[in-house]
Amino acid sequence: MENRDIGRSDRTLTIPVPADGMEIVPDIVISPLLGVDEACFRLGNCGGYYDRTLAQIDPLPRIIGVGFADCVIPTIFPMPWDIPMDVVVLADGSVRQRSGRTPESAGI
């Protein structure tokens, strides 16, 4: 393992990553969220780490957001680089999906 600093100048995380080996591309990404809007855009911790990582994967994996039941907000005012979740599963058992997606088509 080696440590790699990622982040912005005002907020940097040191993340352990494998020093070598085969790159693995996920089929599914489970992403924690603090808030989610009606279009399934995620409000995270404002670092942009998930969005920057997902932007490098082609094709995009299924993106499943998980959060508390009361985290739904009208909009997060998404920026051009924000990537919406395909499906959001909330703590009360409710499931939201992006327009055109169903829980079944997203593997839920």
For segment 58-75, how many residues meet the condition of being open to solvent by less than 30 Å² (accessible area, probe 1.4 Å) and in a loop (DSSP other than H, G, I, E, B)?
1
Does segment 15-37 include one or more residues that are touching a Leu at 6+ places or on another chain (Cβ under 7 Å) and open to solvent by 70 Å² or more (accessible area, probe 1.4 Å)?
yes
Of the residues Asp37, Asp70, Asp27, Asp20, only one is acidic (Asp, Glu) and modelled with pLDDT under 90; which?
Asp20
Checked segment 15-49 for anything within 21 Å of Pro74 (Cβ to Cβ) and not in a strand (DSSP E or B); matches are Leu33, Leu34, Asp37, Glu38, Ala39, Cys40, Phe41, Gly44, Asn45, Cys46
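The values are calculated or read from the model by the stated rules, or taken from the named source; none is laboratory data. Bear in mind the structure is a predicted one, so any value in this text is a computation, not a measurement. Virtual Cβ from ideal backbone geometry, glycine too; neighbours counted across all protein chains shown. When the accessible area is computed, the model is the full protein with side chains, heavy atoms only, and any ligands, DNA or RNA have been set aside. Shrake-Rupley method; radii C 1.70, N 1.55, O 1.52, S 1.80 Å.
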